[in-house]
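Scroll down for the structure; my scribbles are underneath it.
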Amino acid sequence: MPAPRRPLDDLLLYRLSRLLSVAGSMVIRICEGRFGITRREWRLIATLASHGELSSSGLAEHAQLDRARTSKAVGSLVDKELVARSHPAGDRRQVLLCLTERGRDLYDELFPLVTRINAELLGALDADAAVQLDESLVRLQLHAEQMVAEAVLPKADRRRRGAKAD
C-alpha cells in the first residue's frame with residue numbers, strides 16, 4: 001500500500017493563497033461593487049499612487065504583473081478616466097502613466113477601506129506576533145526573489161493541449 005500523500009494544507013504557498021482568497025475577497029467586493037474596478041486595476045492605481053508617474057513596463061514591474069495584463073488593465077483605467085497617458089517631450093515612443101484627479105480621489109477613498117481590512121486581519125495577532133510576521137514576510141520575499149534569480153526553469157507552454165508545435 002502506498003504511503004499517504006501529504007495534504008496541500010501543509011504547503012506554505014497553498015495556505016497563503018487560501019488566506020488571500022478569503023480575506024482578499026472583501027477587497028475585491030469593495031473594488032468591484034463600490035468602485036467599479038477590478039483587483040488588478042486597484043493594484044495598478046495603488047502602485048501609481050505610491051510611485052508616481054511610471055512607464056507601462058515600469059508599472060508592470062512595480063506591480064509584479066506581466067506586461068500584457070498590465071496593458072489591458074491600463075487601457076481600461078484610461079477609458080474610466082482614472083489614469084492618463086502622456087509622452088515625454090521629444091519622445092513619442094515612450095508613454096508615461098499617471099493617476100488623473102479622479103484616480104487620485106478613488107485611491108484616497110479606497111485605500112483607507114483596504115487598510116482597515118488589513119488591520120482587522122492583523123488584529124488576530126498580538127503586537128509581537130505582527131512584527132514577527134512582518135519580518136518573516138520580508139525574509140521570505142527576499143529569499144523567493146533569490147530563488148527565482150538562481151533557478152533554471154522551463155518556460156511555460158501556453159499552447160492549448162493537443163495543439164502541435166510548428
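Data table
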| read-out | value |
| --- | --- |
| Residue identified as surrounded by fewer than 12 Cβ atoms within 10 Å (Cβ to Cβ), farther than 19 Å from Leu110 by Cα, among the hydrophobic types (A, V, I, L, M, F, W, C) and out of contact with any Gly (no Cβ under 9 Å at 6 or more places or on another chain) among Ala60, Ala89 | Ala89 |
| Some residue of region 5-23 being of a type in the set (Ser, Thr, Tyr) and touching a residue at least 40 places away in the same chain (Cβ under 8 Å) | no |
| Considering residues of region 26-55 that are within 15 Å of Ser71 (Cα to Cα) and among the charged types (D, E, K, R) only, the residue most open to solvent (accessible area, probe 1.4 Å) | Arg39 |
| Residue within region 126-136 that is in a helix (DSSP H, G or I), among the hydroxyl-bearing types (Ser, Thr, Tyr) and either on the phi > 0 side of the Ramachandran plot or under 16 Å from the mean Cα position of the chain (by Cα) (or both) present | no |
| Pairs, first in a helix (DSSP H, G or I) in region 100-117, second at pLDDT 95 or above and surrounded by fewer than 15 Cβ atoms within 10 Å (Cβ to Cβ), C-beta under 6 Å, six or more apart | Arg102/Glu81 |
| When residues of region 112-131 are limited to those that are in contact with a helix residue (DSSP H, G or I) (Cβ under 8 Å, 6 or more places away or on another chain) and under 24 Å from Ile45 (Cα atoms), the one surrounded by the most Cβ atoms within 10 Å (Cβ to Cβ) | Val114 |
| Any pair with Cβ under 6 angstrom, 6 or more apart, that starts in region 120-140 at a residue that is free of Cβ contacts under 8 Å to residues at least 60 places away in the same chain and under 18 Å from Leu19 (Cα atoms) and ends at one that is open to solvent by 70 Å² or more (accessible area, probe 1.4 Å) and in a helix (DSSP H, G or I) | Ala130/Leu122 |
| Qualifying residue in region 74-81 (condition: surrounded by 11 or more Cβ atoms within 10 Å (Cβ to Cβ), not in a helix (DSSP H, G or I) and not charged (D, E, K, R)) | no |
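The values are calculated or read from the model by the stated rules, or taken from the named source; none is laboratory data. On a predicted model such as this, the values are computed, not experimentally measured, just so you know. Every residue, glycine among them, receives a Cβ derived from its backbone with ideal geometry; neighbour counts consider all protein chains shown. In case anyone asks, the SASA skips ligands and DNA or RNA and just uses the protein heavy atoms, side chains included. Shrake-Rupley method; radii C 1.70, N 1.55, O 1.52, S 1.80 Å.
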